[in-house]
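First up is the structure itself, then whatever we jot down about it.
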Amino acid sequence: MSLQIGIVGLPNVGKSTLFNALLKKQVALAANYPFATIEPNVGVVEVPDERLPELADLTMKTDKLKALPPIKYALVEFVDIAGLVAGASKGEGLGNKFLANIRQTDAICHVLRNFSDANVLREGSVDPEQDLAVIRTELQLADLETLQKQHQPKGAASKDEKAKWDTIQEFLVQIEKGQSLNCQSEIEKLVAKELCLLTAKSEIFAINVDEKDLMKADEITALFATKLKVKKAQIVVISAKIESELATLAEEDQKMYMDELGLKQSGLSRLAFVAYETLGLQSFLTAGEIEVKAWTIKKGMTAQEAAGVIHTDFSKKFISARVVSFTEFMNLGGWSACKEVGKVRQEGRDYLMQDGDIVEFMIGK
């Protein structure tokens, strides 16, 4: 399942510095993902998951295999969206390219400037609240234009057509009030998806701060959750400059540098995790002697749908799924021990997958 986050921001807020760090990190990942074709404007980050190394230690049978290491984390792709300026909705700057690129993403990552380097000109950036207001206004204006182009169904319109038109009218009211769309019902989600409405996309916020302010991340998160009127879980306090430096270091040196800064994870890893959570995603795991892997699925997916994430044929030819929770798998010591004490559950196609399920799918011919 491809997960793409569009990185947006006004000029000189640190967006390019952050994205360059993403590209450097992507190069380091290339050996583990040799068949991934990544466009030049896309950077890839692994979603942190402490369960995978534990699984590898348990299931990998030889030191040679462990040395590869055949651990495949869930991935998030970050797309570098063309720079935005006021008037983008009318084609100012690279406005048309900006809007076309962002329509294809699953969510928006707003990079907001909160660092004090006087050598970096602001170029339109004022403060995080006003910068976000500019970006949201352009997204709202673009959605307003899209909605105004829709036509009322004529003649004997179906129930579904009437419901879609009523939803469009409700959206117009919200946008004209300067509000982003808050899609709750299935029909609202459907219309927003069909029309590629920008303000209906999930948002995360990267507050780009000075290195010295990283130690105050919790305080800054709480402050901007209030100022921006968003949830704390949507915010990541990050130093794009530090991320750029980390991306050039070997793994051991990265750990030492982060220890000096008092960080447990890089900002990019935290950003990937927040994106994962914001979009309502979870992972199921596969564990064998030559590879352990996290597979991305939406919360609420069935076993049959999850099998299709591995291969579309698996969904069509699904028979059943053998499932063990991560905790039981680790406590008991693997597949064989779990089978001996009856902890391997045989689940059908409608089983709702849980985060951390370790699964073997039974597939027909």
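The values are calculated or read from the model by the stated rules, or taken from the named source; none is laboratory data. Owing to the predicted nature of the structure, the values given are computational and were not obtained by experimental measurement. Cβ placement follows ideal geometry from the backbone for every residue including glycine, while neighbour counts extend to all protein chains displayed. Note: areas computed on protein heavy atoms with side chains; ligands, DNA, RNA excluded. Shrake-Rupley method; radii C 1.70, N 1.55, O 1.52, S 1.80 Å.
Just one of LYS189, LYS231, LYS212 is within 23 Å of VAL134 (Cβ to Cβ) and of a type in the set (D, E, K, R); which is it? Only one candidate qualifies: LYS231.
The criterion of at least 1 residues that are without any contact (Cβ under 8 Å) to a residue 24 or more places away in the chain, among the small types (Gly, Ala, Ser) and under 30 Å from ALA233 (Cβ atoms) is met, among helices (runs of 4 or more DSSP H) falling completely within segment 276-365, by 303-310.
Taking segment 249-275, which residues are out of contact with any strand residue (DSSP E or B) (no Cβ under 6 Å at 6 or more places or on another chain), in contact (Cβ under 8 Å) with a residue 60 or more places away in the chain, farther than 30 Å from HIS311 by Cα and open to solvent by less than 60 Å² (accessible area, probe 1.4 Å)? Once the filter is applied, which keeps residues that are out of contact with any strand residue (DSSP E or B) (no Cβ under 6 Å at 6 or more places or on another chain), in contact (Cβ under 8 Å) with a residue 60 or more places away in the chain, farther than 30 Å from HIS311 by Cα and open to solvent by less than 60 Å² (accessible area, probe 1.4 Å), segment 249-275 yields nothing. Restricting attention to segment 195-208, the residues that are at pLDDT 95 or above and in a loop (DSSP other than H, G, I, E, B) add up to 0. The criterion of at least 3 residues that are at pLDDT 55 or above and hydrophobic (A, V, I, L, M, F, W, C) is met by the following helices (runs of 4 or more DSSP H) wholly inside segment 1-71: 15-29, 51-59. For LEU214, indicate whether it is part of a helix (DSSP H, G or I), among the hydrophobic types (A, V, I, L, M, F, W, C) and under 29 Å from ALA142 (Cα atoms). The answer is no for LEU214. Here TYR257 clears all of (1) out of contact with any Leu (no Cβ under 7 Å at 6 or more places or on another chain); (2) assigned to a helix (DSSP H, G or I) except the condition numbered (1).
Every condition in (1) open to solvent by 30 Å² or more (accessible area, probe 1.4 Å); (2) farther than 27 Å from LEU23 by Cβ holds for VAL230 except the one numbered (1).
The residue that is nearest to the chain's Cα centre (by Cα), counting only those in segment 182-218 that are within 18 Å of SER266 (Cα to Cα) and open to solvent by 40 Å² or more (accessible area, probe 1.4 Å), is ASP218.
Residues in segment 219-246 that are within 12 Å of VAL274 (Cβ to Cβ) and among the polar types (S, T, N, Q): THR221, GLN234.
Kindly indicate whether any position in segment 228-238 is free of Cβ contacts under 8 Å to residues at least 40 places away in the same chain, touching a strand residue (DSSP E or B) at 6+ places or on another chain (Cβ under 9 Å) and over 30 Å from PHE171 (Cβ atoms). Steps first, please.
Of all residues in segment 228-238, those free of Cβ contacts under 8 Å to residues at least 40 places away in the same chain come to 229-232, 235-237.
Then drop every residue that is not touching a strand residue (DSSP E or B) at 6+ places or on another chain (Cβ under 9 Å), which leaves 230, 235-237.
Going one step further and asking which of them are over 30 Å from PHE171 (Cβ atoms), we end up with 237.
Checked segment 228-238: at least one residue is free of Cβ contacts under 8 Å to residues at least 40 places away in the same chain, touching a strand residue (DSSP E or B) at 6+ places or on another chain (Cβ under 9 Å) and over 30 Å from PHE171 (Cβ atoms).
Considering only helices (runs of 4 or more DSSP H) fully contained in segment 75-194, which possess at least 1 residues that are at pLDDT below 90 and under 30 Å from PRO48 (Cα atoms)? So the answer is 95-103, 128-148.
Do the conditions hold for ALA306, that is, is it surrounded by 16 or more Cβ atoms within 10 Å (Cβ to Cβ) and modelled with pLDDT under 95?
Values: surrounded by 16 or more Cβ atoms within 10 Å (Cβ to Cβ): yes; modelled with pLDDT under 95: no.
Spelling it out, it is not the case that ALA306 is surrounded by 16 or more Cβ atoms within 10 Å (Cβ to Cβ) and modelled with pLDDT under 95.
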